Structure formats: structure tokens, C-alpha cells
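Enquirer: One structure, pasted below without further comment.
The values are calculated or read from the model by the stated rules, or taken from the named source; none is laboratory data. All figures in this text were calculated on a predicted structure; none of them were measured in a lab. Every residue, glycine as well, gets a Cβ built from its backbone with ideal geometry; the counts of neighbours run over all protein chains shown. Side chains are part of the model used for accessible areas, which takes the heavy atoms of the whole protein and leaves out ligands, DNA and RNA. Shrake-Rupley method; radii C 1.70, N 1.55, O 1.52, S 1.80 Å.
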Amino acid sequence: MDKQRFKEQILPMKHRLFRFAWSMLGDPDEARDAVQEVLIRLWDKRTEWAEIRNMDAFAVTITKNHCKDRLRKNRPLRLEEDEYKDSNTPDPLRLAEATDAAGLIMRLMQQLPQKQRLVMHLHDLEQWDDNEIASLTGMTNEAIRTNLSRARKKIRTLYTQINAHGLENSGKTAR
């Protein structure tokens, strides 16, 4: 039964966990490795599954803690863009533009303070509501809204600077 529950309940979360890990680590390869290790940890904790009320929150918490541990080890991270693949989009130009914009936003998110990056990822990418984010992070709803607002403002400012001045393409960093 544990194997079946793992396949039905935990494996479908791997893409969400990957996106979350990538947002924290800034590197798709590091994120893939982290998710593999998280899935192993989740399997190892299968005796505790009956006590877990929200498996999604539990998995994201383990992922968050694991990513923090990886970051503490000060491994050099490559900030390369991993390509998004959308086989449902027939127009290659539209796909290329969306990929460029999404990759740029993911890189810009790496410049945010950790709390802002975490809140923005959970709210805007994973579509979590404030209460779910509060239960995961321990932040108040007001702190969540403040961090989200500041994160969006910073991303908007950096994105506008890059589009207006071409800083991303010239090798300069936007500050």
C-alpha cells in the first residue's frame, strides 16, 4: 500500500517540488538532485504518513529545508537558464519569447532576498493562498503580503531596466 500511495500522492508533486527547488537554488541541475533526495526522504518517512495532515505542505517543507542545507554548504551554483518546454504551443516564435521572458524572470527572482523569493514562488507560481504560505513559513499574512509586494516591485523594476537598457544582454547586472 505504501508503494501505491507514493505513486499516487507523492510522485505527482515532483514537478512542483522541482520548480520550488529551482527557485531556491537557482540551478536546474541542483534542483533535480535536490528533488531526488527529497523523494528518497519522503519514502524513508513513509511510517509517518498517517500522521501528516497535508502531504503537499510536508513535501514542500522538506524541500525547503533540504535546499537551505544545500545552500549552506556554499556549493558554487551555475545560474544557467533551463529551457521550458511546451509541446502544446505550435508557434516557435511565441514559445521562444515566452521561454526568454520566463528564464529572465527566474534569474531576476534569484536576486530577491530569500523570504521574498519564497513568498513570490509559492504565491505566484504555485498558486498557494496566504494561509497556506503562513502555515509553511510561519510568517503572518501581513508579512506575506509585504514580501510579495516588495518582490513584485523589485522584479518589475529590474525587468523594466533590462528591457529599456538591455543590461541583461550586455553582461552588466541590474541593480
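Enquirer: In the structure shown, do any of Lys3/Lys73; Lys3/Lys64; Lys73/Lys115; Lys14/Lys153 have a Cα-Cα gap over 26 Å, and if so which?
Expert: Over 26 Å Cα-Cα: Lys3/Lys73; Lys14/Lys153.
Enquirer: Can you sort Glu51, Glu30, Glu132 by 1.4 Å-probe accessible area, starting with the largest?
Expert: Descending order: Glu51, Glu132, Glu30.
Enquirer: Identify the trypsin sites (Lys or Arg not before Pro) of the range 26-57 meeting these criteria: DSSP loop state and at most 10 other C-beta atoms within 10 Å of the C-beta.
Expert: Arg53
Enquirer: Can you give the extra length, in nm with one decimal, that the chain gains between Gln36 and Arg152 once fully stretched, where that is 0.36 nm per residue apart less the Cα-Cα distance?
Expert: 38.7 nm
Enquirer: Assuming R0 = 22 Å, what is the FRET efficiency of Phe6 and Asp69, from their Cβ-Cβ distance, to the nearest 0.05?
Expert: FRET efficiency, Phe6 to Asp69: 0.45.
Enquirer: By the scheme Lys and Arg +1, Asp and Glu -1, what is the net charge of all other residues having a beta-carbon under 12 Å from that of Thr146?
Expert: Neighbour charge sum, excluding Thr146 itself: +3.
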